1. How large is the dipole of the chain about the Cα centre if only Lys and Arg carry +1 and Asp and Glu carry -1, each at its Cβ, rounded to the nearest 20 debye?
2. Loop by DSSP (not H, G, I, E, B), at most 12 other beta-carbon atoms within 10 Å: where is the longest site-free stretch of the chain for GluC sites (Glu not before Pro)?
3. Over all directions, how big on average is the projection of the convex hull of the alpha-carbon atoms in region 2-94, in square nanometres?
4. Once label points are set 7 Å from the Cα along Cα→Cβ at both ASP105 and ILE43, what is their separation, rounded to one decimal in nm?
5. For a quick check, take a GNM of the chain with Cα springs below 10 Å and name the residue from ALA23, ALA65, ALA78 with the largest mean-square fluctuation.
Amino acid sequence: MQRVAFILKVRQDRLEEYKIRHAEVWPDMLQALRETGWHNYSIFMRPDGMLFGYLETPDFEAARAGMADREVNARWQADMAPFFESITGRPDEAMLPLEEVFHLD
């Protein structure tokens, strides 16, 4: 299982709405994530909007490609794009994996 971590920055004026949206993720979006191999997916956020995401998947590129083919993902990404600082395009394309430098196994 591949562990993937990434960071993004949520706009300060959109923090509360971002939290609300993620408390109410669309059921068809949740289903698509599960079907395309996104497991143990969590998002953490500091008060300044710095976001840390983590997931486990057999193959991150395949999981991303699977979501890219889903209509619900296109709608979700378009809806979420205005929440982020310093990205162009879709938020899921800005999810650049961090290098893992330690793992206690």
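1. The dipole magnitude comes to about 240 debye.
2. Here the longest run is 25-84.
3. On the way: hull surface 21.9 nm².
Its average projected convex-hull area is 5.5 nm².
4. 3.0
5. Result: ALA23 has the largest fluctuation of those listed.
Read-outs: derived from the displayed coordinates by stated rules, not from any lab. This one's a predicted model, so the numbers in the text were calculated from it and none came from an experiment. No Cβ is skipped: glycine too gets one built from the backbone with ideal geometry, and neighbour counts run over all protein chains shown.
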